[in-house]
Structure formats: structure tokens, C-alpha cells
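J.: Okay, here's the structure, questions in a sec.
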Amino acid sequence: MTPWGLEPETDGQATMCRIRGNHDTRSRQIEWTRGGKGETTMSWYIGALKKYADFNGRAGKAEFWMFTLISTIISVILYLIDGGIMPGSNIHLLYTVYGLAVLVPSLAVSVRRLHDTGRSGWWILINVIPILGQLVYLVFLLQDSQGANQYGSSPRLATA
């Protein structure tokens, strides 16, 4: 049992944890590890990079949002480092190189995330519409998976 009252359970395919204690009379399950193997934030990021130009298949919420989180953190750190190396300059070499390096993986994981919601990857172009397009795109990215669709089985149900 962890300090937060989480107790690991295994159902043969995935290790889950149950929230125990006075929080609720019902037991709620949340994903702790997948396929018996721990998934860390970095493993989601590395996994998305390994699928560098794979625009086929599906990416769950965790894969997309962990990739986005780590990529944003790295971008901010590189931007600050660039500002420290060349103060007062508008040239941010490390930040720019990193941005170009993760451009294709970012597009790929975004398209796979749209596939997970049952939409074509072309919906990424809705971002061209100012403000409203980005809001609609964000709503698409926040939606849950709904079982198998034309792009494959749900990544939530896939075993590692």
C-alpha cells in the first residue's frame, strides 16, 4: 500500500491500483501501470519519439499529453538556456533546433490522437482557424477513446 492509500492489484494483463480508505464507499480503479510494466512520463515521451513518423494507428490521452508535457518543459528550459547564453539576442538556436527536431513526431502523435477519437488526421488543419479552430481541436484531443474504430483497437485495451 502506498502513502496515498493505493493498493496494487493484478488482473493478469494490467496492474491496477485501487483507492482505499475513507475517500469513497465505492472502489474506483485508476491505471497505475500497463501490461505489468511501469509507464513513466519519460517512457511515453520516448515511445512517441520512437514512432517518429508513424501517422497510422492510435495514441491514447496519456501518450499524447505526456509527450506534450515533456516537450514543453524541454522547450522552456532550452529557451531559458538560450537567453542565458546570448542575453538580449532574439536568436534562440537550441530552442529552434529542438522545435524542428520534434516537429514531425508532434504532428504524428497529434494525428494518432485524432485517430483515437475516431477522426481523420486532417482535422489537425482546423488549427488554421484562429481561436475557434484551436478550441475545437482542444476539445477533440480531450475526448475519450471509444473502443475499436477504423484506425485500430483502443490503446487503452492494448497490452504491452
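The values are calculated or read from the model by the stated rules, or taken from the named source; none is laboratory data. Note that this is a predicted model, so its numbers are computed, not measured. Note: ideal-geometry Cβ built from the backbone for every residue, glycine included; neighbour counts use all protein chains shown.
J.: Determine the pairs where a residue that is in the same structural domain as residue 45 (by TED's automatic domain parsing), located within region 84-103, has a partner that is aliphatic (A, V, I, L, M) and modelled with pLDDT of 90 or more with Cβ atoms under 7 Å apart, the partner being 6 or more residues away or on another chain.
T.: Every condition considered, the pairs that remain are 94/78; 94/81; 95/78; 98/74; 98/78.
J.: Looking only at region 78-101, decide whether some residue is closer than 30 Å to residue 148 by Cα and acidic (Asp, Glu).
T.: Keep residues of region 78-101 that are closer than 30 Å to residue 148 by Cα, which gives none.
Looking for residues that are closer than 30 Å to residue 148 by Cα and acidic (Asp, Glu), one finds none in region 78-101, hence no.
J.: So residue 150 ticks every box in (1) in contact (Cβ under 8 Å) with a residue 24 or more places away in the chain; (2) under 18 Å from the mean Cα position of the chain (by Cα); (3) under 24 Å from residue 53 (Cβ atoms) but one. Which box is left unticked?
T.: Here residue 150 meets the rest and fails (2).
J.: Sort through 107, 135 and tell me the only one that's within 28 Å of residue 154 (Cβ to Cβ) and touching a residue at least 12 places away in the same chain (Cβ under 8 Å).
T.: None of the others qualify; the one that does is 107.
J.: Here's something else I'd like to know. State the number of residues belonging to region 101-159 that are in a helix (DSSP H, G or I) and not hydrophobic (A, V, I, L, M, F, W, C).
T.: As a first pass, look at region 101-159 and keep what is in a helix (DSSP H, G or I): 101, 103-116, 121-128, 132-142.
Checking the rest, the ones that are also not hydrophobic (A, V, I, L, M, F, W, C) come to 105-106, 110, 112-113, 115-116, 121, 127, 133-134, 137.
So the answer is 12.
J.: Considering each residue of region 105-136, count those that are more than 15 Å from the chain's Cα centre (by Cα) and either closer than 19 Å to residue 67 by Cα or surrounded by fewer than 16 Cβ atoms within 10 Å (Cβ to Cβ) (or both), and give that number.
T.: 16
J.: On the basis of being of a type in the set (Phe, Trp, Tyr), in a helix (DSSP H, G or I) and modelled with pLDDT under 95, does residue 98 make the cut?
T.: no
J.: Conditions first: (1) at pLDDT 95 or above; (2) of a type in the set (Gly, Ala, Ser); (3) part of a loop (DSSP other than H, G, I, E, B). Residue 89 passes all but one, so which condition is the exception?
T.: (1)
J.: Quick check: is even one residue across region 90-102 of a type in the set (A, V, I, L, M), out of contact with any strand residue (DSSP E or B) (no Cβ under 9 Å at 6 or more places or on another chain) and under 21 Å from residue 40 (Cα atoms)?
T.: Going residue by residue through region 90-102, those that are of a type in the set (A, V, I, L, M) are 91, 93-94, 97, 100-102.
Pick out the ones that are also out of contact with any strand residue (DSSP E or B) (no Cβ under 9 Å at 6 or more places or on another chain) and you get 91, 93-94, 97, 100-102.
Now narrow it down to the ones that are under 21 Å from residue 40 (Cα atoms): 102.
The answer is yes, given that some residue of region 90-102 is of a type in the set (A, V, I, L, M), out of contact with any strand residue (DSSP E or B) (no Cβ under 9 Å at 6 or more places or on another chain) and under 21 Å from residue 40 (Cα atoms).
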